[in-house]
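Q: A single structure is presented below for examination.
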Amino acid sequence: MFRGSGFTKYHMSWPSGGQTMTGTISLPDGDGPFPVVVVNHGFIPPERYWIGQDSGIFGDPMAAHGFISVAPNWPGYAGSGPAPADLPQIVGELVTALDLVSSLNTLAQADIGKIAFIGHSNGGGISQLAMVVDPRVKAVVLHGPVSSDMADNARKWWLQRPESLGALGTPDSNPEGYRHLSPRTYFEAGQPPVLIIQGTSDHTIPAEWTNVTYAALQQKGIDTRLTWFDGADHDFVGANLNNAVAAQEAWIRRALKI
């Protein structure tokens with residue numbers, strides 16, 4: 001795709017659920033082994049999505065500093081195969097990301113014992129799910145994440161896109177299903193350290209959601225930090241983005257002990 005400062009970015013593919021999934025990989029110069037960040041982008045309508053959107057801004061700076069950055073194109077996006085229709089879309093996206101993690105053992109440069117998840121918006125929801133189901137995830141950074149209670153997300157967005165629900169139904173018709181799907185239900189001590197970054201002027205993610213997620217993580221004894229960027233909206237740019245990515249890298253380095 002292109003040559004960056006100290007890394008090269010490529011298209012990639014891997015198997016998931018009998019389908020071929022696509023994404024990008026930014027490989028640092030050298031033989032490695034390098035720690036890995038899996039970057040999960042936010043919701044973008046498939047017809048408006050371009051490869052690397054909402055992921056390169058978080059992952060490529062990491063590749064320039066010695067991390068392998070991989071970023072999935074979600075099921076049905078940019079050549080990725082479909083997810084099972086009965087699954088909520090966020091579960092299909094989670095499975096895609098975790099199957100990508102499983103494929104990393106075919107990459108000689110990857111240190112598969114040092115894997116972090118980074119997620120923006122809906123990608124933050126995917127990353128929260130990953131941290132509660134897969135012990136291979138050793139560090140997490142959430143940028144303006146969706147709620148850790150999936151019923152919140154359904155009422156705000158998913159009900160307007162019924163195809164995103166799969167066979168789950170609505171929060172009112174299936175409250176137990178939503179409780180089971182919500183990562184907040186499964187926060188436990190010993191899960192990976194979590195950094196949450198959000199702007200004080202975020203018009204997409206309510207501050208209350210983020211404060212409740214942070215409190216729930218803290219209550220369970222998970223190493224967690226919440227950092228507010230004064231005046232920043234949902235999509236960081238300029239100095240706010242640069243400072244957020246620097247904080248992200250410092251957090252991951254500390255968590256992975258590198």
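Q: Which condition number does PHE2 fail, the rest of (1) more than 29 Å from ASN174 (Cβ to Cβ); (2) of a type outside the set (Ser, Thr, Tyr); (3) crowded, with 21+ Cβ neighbours inside 10 Å; (4) at pLDDT below 90 being met?
A: (3)
Q: If you check GLY59, GLY23, GLY30, which single one turns out to be within 23 Å of GLY113 (Cα to Cα), part of a strand (DSSP E or B) and of a type outside the set (A, V, I, L, M)?
A: Values: GLY59 fails: part of a strand (DSSP E or B); GLY30 fails: part of a strand (DSSP E or B).
That would be GLY23, the only listed residue that is within 23 Å of GLY113 (Cα to Cα), part of a strand (DSSP E or B) and of a type outside the set (A, V, I, L, M).
Q: Return yes when TYR49 is in a loop (DSSP other than H, G, I, E, B), out of contact with any Ser or Thr (no Cβ under 9 Å at 6 or more places or on another chain) and of a type in the set (Ser, Thr, Tyr) and no when it is not.
A: When the stated conditions are applied, TYR49 passes them.
Q: Which condition does ALA255 not pass, out of (1) in a helix (DSSP H, G or I); (2) small (Gly, Ala, Ser); (3) under 16 Å from GLY124 (Cβ atoms), if it passes all the others?
A: (3)
Q: Evaluate the range 225-247: report whether one residue or more is buried (at least 16 other Cβ atoms within 10 Å of the Cβ), among the acidic types (Asp, Glu) and assigned to a helix (DSSP H, G or I).
A: no
Q: While we're looking at this one, here's another question. Which of the residues that make up the range 57-78 are among the small types (Gly, Ala, Ser) and either in contact with a His (Cβ under 9 Å, 6 or more places away or on another chain) or at pLDDT 95 or above (or both)?
A: Let us first name the residues in the range 57-78 that are among the small types (Gly, Ala, Ser), namely 59, 63-64, 66, 69, 71, 76, 78.
Listed by number, the residues that qualify are GLY59, ALA63, ALA64, GLY66, SER69, ALA71.
Q: Now a separate question. Identify, by number, the condition in (1) without any contact (Cβ under 8 Å) to a residue 60 or more places away in the chain; (2) surrounded by 16 or more Cβ atoms within 10 Å (Cβ to Cβ); (3) aromatic (Phe, Trp, Tyr) that TRP50 doesn't meet.
A: (2)
Q: While we're looking at this one, here's another question. Which one of these is under 23 Å from LEU256 (Cβ atoms), touching a residue at least 24 places away in the same chain (Cβ under 8 Å) and touching a Pro at 6+ places or on another chain (Cβ under 8 Å): ALA71, ALA63?
A: ALA63
Q: Which numbered condition trips up ILE112, out of (1) farther than 30 Å from PRO175 by Cα; (2) at pLDDT below 95?
A: (2)
Q: Could I ask something else about it? Among (1) over 22 Å from ASP152 (Cα atoms); (2) exposed (fewer than 15 other Cβ atoms within 10 Å of the Cβ), which single condition is HIS203 missing?
A: Checking HIS203 against (1) over 22 Å from ASP152 (Cα atoms); (2) exposed (fewer than 15 other Cβ atoms within 10 Å of the Cβ), the one that fails is (1).
Q: Would you pick out the residues in the range 121-179 that are of a type in the set (A, V, I, L, M, F, W, C) and in a helix (DSSP H, G or I)? Show your work before the answer.
A: Taking the range 121-179 first, the residues of a type in the set (A, V, I, L, M, F, W, C) are 126, 129-133, 137, 139-142, 146, 150-151, 154, 157-159, 165, 167-168.
Those that are of a type in the set (A, V, I, L, M, F, W, C) and in a helix (DSSP H, G or I): ILE126, LEU129, ALA130, MET131, VAL132, VAL133, MET150, ALA151, ALA154, TRP158, LEU159, LEU165.
Q: Go through the range 90-120 and count every residue that is farther than 22 Å from SER164 by Cβ and not in a strand (DSSP E or B).
A: 9
Q: A further question on this structure: Which residues, counting only those in the range 29-46, are under 10 Å from ALA63 (Cβ atoms) and surrounded by fewer than 21 Cβ atoms within 10 Å (Cβ to Cβ)?
A: Across the range 29-46, the qualifying residue is only ASP29.
Q: Could you check the range 162-178 and list, in sequence order, the residues that are touching a residue at least 24 places away in the same chain (Cβ under 8 Å) and either hydroxyl-bearing (Ser, Thr, Tyr) or surrounded by 12 or more Cβ atoms within 10 Å (Cβ to Cβ) (or both)?
A: Correct list: SER164, LEU165, GLY166, LEU168, PRO175, TYR178.
The values are calculated or read from the model by the stated rules, or taken from the named source; none is laboratory data. Just so it is clear, the structure is predicted and the values come from calculations on it, not from any experiment. Every residue, glycine among them, receives a Cβ derived from its backbone with ideal geometry; neighbour counts consider all protein chains shown.
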